[in-house]
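The values are calculated or read from the model by the stated rules, or taken from the named source; none is laboratory data. Since the structure is predicted, the reported quantities are computational estimates derived from the model, not experimental observations. Please note: Cβ atoms are built from the backbone with ideal geometry, for glycine as well, and neighbour counts cover all protein chains shown.
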Ligand code: SF4
């Protein structure tokens, strides 16, 4: 990555962190109910998938994966005992999604607005838009760690 492109990347991430803060404020104002069932992060059980962008994946994986992670499409490896262990780094979808039926309309609006802002940041900093299921980014991360020699004995990376 060139110096200019690294600088743009850093600026986009800064914009994304600001977006996270503004989304957190909007969600706090909407005050959806969470019963801490943890089902929303157990995708197979809930029947949905989490889609994220590359910069969100990079922030989420800044400190690696939890110890002894086994990549499983049905759940998020960051959930432990029904709680998120990556709260500060979690992507937009995790910040916005709540299963409270009284919040559905606000959730859809907030989701559309935040994705639009994220796309705008990509345009502003001339960064390609890459968006896909969480597990594609997790697998790519594991493969990159393995090919860089960080994993020598088949142990999942941290
Ligand atoms: S990052 Fe956290 S909130 Fe998002 S799916 Fe994983 S455990 Fe759930």
### Query
Has segment 106-125 got at least one residue that is touching a strand residue (DSSP E or B) at 6+ places or on another chain (Cβ under 7 Å) and either in contact (Cβ under 8 Å) with a residue 24 or more places away in the chain or over 14 Å from residue 19 (Cβ atoms) (or both)?
yes
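Given the criterion at pLDDT below 95, buried (at least 16 other Cβ atoms within 10 Å of the Cβ) and more than 16 Å from the ligand (Cβ to nearest atom), identify the matching residue among 117, 145. Working first, answer last.
Working: 117 fails: at pLDDT below 95.
Only one candidate qualifies: 145.
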### Task
Report, by residue number, each residue of segment 83-108 that is more than 12 Å from the ligand (Cβ to nearest atom), surrounded by 13 or more Cβ atoms within 10 Å (Cβ to Cβ) and more than 15 Å from residue 38 (Cα to Cα).
103, 106, 107
### Task
Run down 26, 4 and say which single residue is over 13 Å from the mean Cα position of the chain (by Cα), without any contact (Cβ under 8 Å) to a residue 24 or more places away in the chain and assigned to a helix (DSSP H, G or I).
4
### Query
Looking only at residues in segment 59-82 that are buried (at least 16 other Cβ atoms within 10 Å of the Cβ) and not in a loop (DSSP other than H, G, I, E, B), which one is farthest from the ligand (Cβ to nearest atom)?
59
### Message
Suppose we filter 8, 25, 17, 54 for residues that are away from the ligand (no atom under 13 Å from the Cβ) and closer than 23 Å to residue 150 by Cβ; which single one remains?
### Response
54
### Task
Considering only residues that are touching a residue at least 40 places away in the same chain (Cβ under 8 Å) and over 15 Å from residue 92 (Cβ atoms), look in segment 36-45 and name the one that is nearest to the ligand (Cβ to nearest atom).
38
